Amino acid sequence: MFGNLQKNDRLLMIFFIIMVLAGPIILAPFGAGYPDLLQRFAIFGIFAIGFNILFGLTGYLSFGHAAFLGVGSYSAVWMFKLLTMNVVPALLLSVAVAGVFALLIGYVSLRRSGIYFSILTLAFAQMSYNLAYSVLTPITNGETGLQLNLNDPRILDAADTSGSIPSTNFFGLAMNSTAKFDVLGMTLQFNVGFYFCALILIGAFYLALRIFRSPFGMMLRAIKTNQNRLNYTGLNTRPYTLAAFVISGMYAGLAGGLMAITDPLAGAERMQWTASGEVVLMTILGGAGTMMGPVLGAGFIKYFENIFSKINDNVLHAWFSLLPDGLENLLVGILHFFVGKGWHLTLGIVFMLVVIFLPGGLVDGATRIMKRIMNRGKSDSASAKSAAE
Amino acid sequence: MDAILLQILNGLDKGSAYALIALGLTLIFGTLGVVNFAHGALFMIGAFCAVTLQKIFNLYSVVIDPTKTDFLGNPLKVKVPYVESWFGEVAGQAIINWSVPLAILFAIPIMVAVGYIMERGLIKHFYKRPHADQILVTFGLAIVLQEIIKAFYGANPIPTPAPDAFKGSFDFGAIIGFAENTIIYPYWRLIYFLFSAVVIGLVFAFLQFTTFGMVVRAGMADRETVGLLGINIDRRFTLMFGIAAAVAGLAGVMYTPINPPNYHMGMDFLVLSFVVVVVGGMGSLPGAVLAGFLLGILESFASMNEVKSLLPGIDQIIIYLVAMVVLLTRPRGLMGRAGVMEE
Amino acid sequence: MSYLEVRGVNKRFGGLQALDDVNLSVEAGTIHAIIGPNGAGKSTLLNCFVGKLIPDTGTVTFDGQSLLGLKPHEINQTGVSRVFQTPEIFSDLSVLENVMIPCLAKRDGAFKLNAITAMSGQTDIREKAEQMLLDVSMQDKMHMAASSLSRGDKRRLEMAMCLSQDPKLLLLDEPTAGMARADTNNTIDLLKEIQEKRKITKVVIEHDMHVVFSLAQKISVLAQGHVIVEDKPENIKGHPKVKEAYLGGAH
């Protein structure tokens, strides 16, 4: 199945597939085994994998990738409105439109590198966001966001008589259908939407792995370390960077399309700079340039976002109820700023800490710890040996 | 003619804000070589200095006013702000009324301190790291700062009015010989422009006429050489960061009557100010000021109804469009030096 | 007909005449050195060969084709490789990968979207790169990160990268700059070895006389943007104009 992949990569791939497919079981004990959150893991995983191809591999820091996410969502919802609730045409259009957008924006932005590139992409994204809110209201439905209506044409679908908006489906398989099982006091939920996203995530991961290991991927890494040398080695860097930009834009479009599939509406806030910043954060936190990093980062952030934003003062009081009242109130008063609506503050702090202390991200941190343990093990045995002699 | 003049005037206040923020960004980039994504947050903190001072002035104690009674016949409890009880009613009310201009004095030490702490505590460690890391860490800092403000002041804009003396508008057209009521201009916007002009003038004079300024300018031109002269430039650059922070903060303080401050105003202005810096030329102070005013005025022209009906939405994107054209045709910007960050 | 032909090249930077009517002809298969005191315009001239600078007037032709207006990668694709003053390598990549990239550039041209086939399947490229590393005796460092090499090895690696493309013309910009005497001698030996194995035309820019006289078949002396003498090494040594240029200059 994975011809051409090295043995380690084959193991990585198999490990990844098992982890993703067993997600609903593995994550259930952590309170994250329900479809909505699992879908978000998969979708943002795809987004971050794509972003990593541009940032981690090629070294171009884009601050406007949310624009492609938004474009993907709008395209998918329009497909649901006009053509059919089947997800396949919606996804194809999402990817295609995001690709065209990325080609245009990338063509201009990639004329520059470094901070200029970051500022240009940021400006493009803000521009798209402003336009989506103002002039493009006929397409984007402005502040309300683009939603499905009962009287949308949906020309390929049979007339719907149920009186409610139909569910998105994959050739009849409804995305929101879920099979529930009660095991050991936990509810395991197997949701069609999640497995659809999961299969696409696996595909996206596999494709990224192939890109990483290909001559093209090696060129991208070379661009990151020394573009000058590459030019004098007879390689035209611009088409390489543009290709990387378009590919990562299409990943973002795919993620945007999937967001619309699991929840068929699209709003301009998806294109804001904060959303672009979030994917940067996911990639850095996990480890830019690594295979697993971005997926881990996306999962990590979405998981803790979910946990932290649910905690409110009552929950905090319950946690510390055993402490003396004064201390309890003090702790609750401090933690209040970091949970619930304060999640973004925590996120910002985590972001800074990672950039300052762990620029290589979680994957790098884990490898370093592993190495240290291994080395200690070695030196321990070495000293034991010398002591024995 | 009068319509054109009106648009130019309308563009001045936003242009002033862009120019002040861009000036600080350029100072920091030029001296320290750091791209500061948290600079917008400094502008916002300045604005919230004004909000805070207003709140402090409005702190009150409840006293019983024996001369009046409430509807039950009991003595009336009234809220008397401390400043009124300390300085007398007239002076106290004047102080409350003038809280925005007074906030300038309040904001300068705070902003310099914030800038100093930021530079010594964080930015300093990033001089030798890649630009991407600098962008990311200051971006994270911007999020943290704005979330802290949000936690304390809420998400809604807080009205912070100008002193009564400067409320309302005046007929600028009539003064300079146009027909009456053609160019009506609010007082505060004029004040904002004049204030910005003074601040910009002070910064330039400071750089031009003091030894400190000379070293800083030399450092902007060639950091290594100045380092070789045995001058401790890092120390001076730290202070420069404080000054840049104060400039952004003052821009924020005075902007509050024009637009009630909210926690995300910093980021809104930051993106545009970056564009301004790019258009003006990375590392060029006059370029930053010129481009700030130019783009502010251009934006104001783009929001005229005549223009908007011709090109819908142009007011939303004009600045970005200009930036792209400039970057692609003249990457060094309007007044940037050749070879500086052109790639 | 000479291989690299420079005719009447002028380049001005503001008030400075960096190159003043430079003429140069490099014969195929020879090592041609360009020497001169600091600021004589050696690097400017080299940059005109590789597409980094465009001369104000004059022509640069290589193997009958004009190089003017071509981008660096296009010039490389015509068969011109360049070694930098400080070695330019891909420091985050392994030594082997460093050599595989120029091999790919030679085989696939300036751009090829080869995103699905695995690098591990490119056996021809790998074998070529391994052979190249063997040639410069770096085979045992193949899997090291390029950034961890010593300075001398970095130079060696860069040379290997250029040679792996079988260039028709190799440009060397002060290949021994900043090197200790032992390293310099090693580099000279390496270059001589290469010259024996493959007769590649080379242009060496240098101000170390020792290097120049042990390598070059022909020398052009550049001073203040102008070629003052072009001759064989033995005739250059005692040439009065050269002495004057060097004594008047930094040396």
What about A:Leu235, is it aliphatic (A, V, I, L, M), open to solvent by less than 20 Å² (accessible area, probe 1.4 Å), within 14 Å of chain C (Cβ to nearest Cβ) and in a loop (DSSP other than H, G, I, E, B)? yes
Going by the conditions given, is C:Lys197 open to solvent by 50 Å² or more (accessible area, probe 1.4 Å) and in contact with a helix residue (DSSP H, G or I) (Cβ under 8 Å, 6 or more places away or on another chain)? yes
Taking A:Phe357 as meeting all but one of (1) among the hydrophobic types (A, V, I, L, M, F, W, C); (2) within 14 Å of chain B (Cβ to nearest Cβ); (3) open to solvent by 60 Å² or more (accessible area, probe 1.4 Å); (4) in contact with a helix residue (DSSP H, G or I) (Cβ under 8 Å, 6 or more places away or on another chain), write down the number of the exception. (4)
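Residues checked against (1) touching a Gly at 6+ places or on another chain (Cβ under 8 Å); (2) open to solvent by less than 20 Å² (accessible area, probe 1.4 Å):
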| site | (1), (2) |
| --- | --- |
| A:Ile25 | yes, no |
| A:Leu38 | yes, yes |
| A:Gly64 | no, yes |
| A:Gly70 | yes, yes |
| A:Ser75 | yes, yes |
| A:Phe80 | no, yes |
| A:Leu93 | yes, no |
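Here's the yes/no breakdown for (1) away from chain B (no Cβ under 14 Å); (2) in contact (Cβ under 8 Å) with a residue 60 or more places away in the chain; (3) over 30 Å from A:Ser134 (Cα atoms):
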residue: A:Ser276; (1), (2), (3): no, yes, no
residue: A:Leu296; (1), (2), (3): yes, yes, yes
residue: A:Ile311; (1), (2), (3): yes, no, yes
residue: A:Ala318; (1), (2), (3): yes, no, yes
residue: A:Phe338; (1), (2), (3): no, no, yes
residue: A:Met352; (1), (2), (3): no, no, yes
Those residues of the range B:264-299 which are of a type in the set (Gly, Ala, Ser), open to solvent by 10 Å² or more (accessible area, probe 1.4 Å) and within 18 Å of the chain's Cα centre (by Cα), in sequence order: none
If I ask for residues that are open to solvent by less than 40 Å² (accessible area, probe 1.4 Å) and in contact with a Ser or Thr (Cβ under 6 Å, 6 or more places away or on another chain), which ones from the range A:215-230 would you list? A:Leu220, A:Ile223, A:Thr225, A:Leu230
Any hit, the range C:109-120, residues being under 21 Å from C:Lys192 (Cα atoms), of a type outside the set (Val, Ile, Thr) and open to solvent by less than 60 Å² (accessible area, probe 1.4 Å): no
Condition broken by B:Val198, with the remaining ones in (1) outside any loop (DSSP other than H, G, I, E, B); (2) farther than 18 Å from B:Asp13 by Cβ satisfied: (2)
Could you list, in sequence order, all residues of the range A:153-192 that are in contact with a Leu (Cβ under 7 Å, 6 or more places away or on another chain) and more than 24 Å from A:Ile25 (Cα to Cα)? A:Pro153, A:Arg154, A:Ile155, A:Leu156, A:Ile165
Take the residues in the range A:273-327 that are under 26 Å from A:Phe124 (Cβ atoms) and assigned to a loop (DSSP other than H, G, I, E, B), then tell me which one is farthest from the chain's Cα centre (by Cα). A:Gly289
Residue in the range C:191-233 that is nearest to C:Leu171 (Cα to Cα), counting only those that are of a type in the set (Ser, Thr, Tyr) and in a strand (DSSP E or B): C:Thr201
Can you report the number of residues in the range C:173-190 which are aliphatic (A, V, I, L, M), in a helix (DSSP H, G or I) and within 16 Å of the chain's Cα centre (by Cα)? 2
Test of understanding: among C:Leu45, C:Leu53, which residue is assigned to a loop (DSSP other than H, G, I, E, B), open to solvent by less than 60 Å² (accessible area, probe 1.4 Å) and of a type in the set (A, V, I, L, M, F, W, C)? C:Leu53
Return yes or no: is B:Leu321 surrounded by 22 or more Cβ atoms within 10 Å (Cβ to Cβ) and within 11 Å of chain A (Cβ to nearest Cβ)? no
Does the range A:60-68 contain any residue that is touching a residue at least 60 places away in the same chain (Cβ under 8 Å), in contact with a helix residue (DSSP H, G or I) (Cβ under 7 Å, 6 or more places away or on another chain), within 20 Å of A:Leu173 (Cα to Cα) and part of a helix (DSSP H, G or I)? no
Considering every residue within the range B:36-55, establish whether at least one is among the aromatic types (Phe, Trp, Tyr) and surrounded by fewer than 18 Cβ atoms within 10 Å (Cβ to Cβ). no
Quick one: in the range B:128-185, which of the residues that are among the basic types (Lys, Arg) and either assigned to a loop (DSSP other than H, G, I, E, B) or open to solvent by 70 Å² or more (accessible area, probe 1.4 Å) (or both) is farthest from A:Ile284 (Cα to Cα)? B:Lys167
Could you go through the range A:188-203 and let me know if any residue there is under 27 Å from C:Asp124 (Cβ atoms) and either among the hydrophobic types (A, V, I, L, M, F, W, C) or open to solvent by 40 Å² or more (accessible area, probe 1.4 Å) (or both). no
Of all residues in the range C:121-158, which are farther than 30 Å from A:Leu209 by Cβ, over 19 Å from the mean Cα position of the chain (by Cα) and open to solvent by less than 30 Å² (accessible area, probe 1.4 Å)? none
Any idea which residue in the range A:242-270 is surrounded by the fewest Cβ atoms within 10 Å (Cβ to Cβ), counting only those that are aliphatic (A, V, I, L, M) and farther than 24 Å from A:Phe196 by Cα? A:Leu242
Search the range C:104-118 for residues that are within 17 Å of A:Phe212 (Cα to Cα) and within 7 Å of chain A (Cβ to nearest Cβ) and pair each with any residue that is open to solvent by less than 20 Å² (accessible area, probe 1.4 Å) and modelled with pLDDT under 85 when their beta-carbon atoms are under 8 Å apart and the residues are at least 6 apart or on different chains. C:Ala118/A:Leu5
State which residue pairs qualify: first residue at the interface with chain A (Cβ under 8 Å from one of its Cβ atoms) and assigned to a loop (DSSP other than H, G, I, E, B) and inside the range C:61-77, second residue crowded, with 17+ Cβ neighbours inside 10 Å and of a type outside the set (Val, Ile, Thr) in any location, beta carbons under 7 Å apart, and separation of 6 or more residues or different chains. C:Lys71/C:Gly51
How many of the residues making up the range A:169-182 are assigned to a strand (DSSP E or B), open to solvent by 60 Å² or more (accessible area, probe 1.4 Å) and over 24 Å from A:Ala252 (Cβ atoms)? 4
So if I check each of A:Ala42, A:Ala132, which one is assigned to a helix (DSSP H, G or I), within 14 Å of chain B (Cβ to nearest Cβ) and either buried (at least 24 other Cβ atoms within 10 Å of the Cβ) or touching a Phe, Trp or Tyr at 6+ places or on another chain (Cβ under 7 Å) (or both)? A:Ala132
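The values are calculated or read from the model by the stated rules, or taken from the named source; none is laboratory data. All of these numbers come straight from a predicted model, not from anything done at the bench. Because the Cβ atoms are built from the backbone with ideal geometry, glycine has one as well, and the counts that use them run over all protein chains shown. Calculation scope for accessible area: heavy atoms of the full protein, side chains included, ligands and nucleic acids excluded. Shrake-Rupley method; radii C 1.70, N 1.55, O 1.52, S 1.80 Å.
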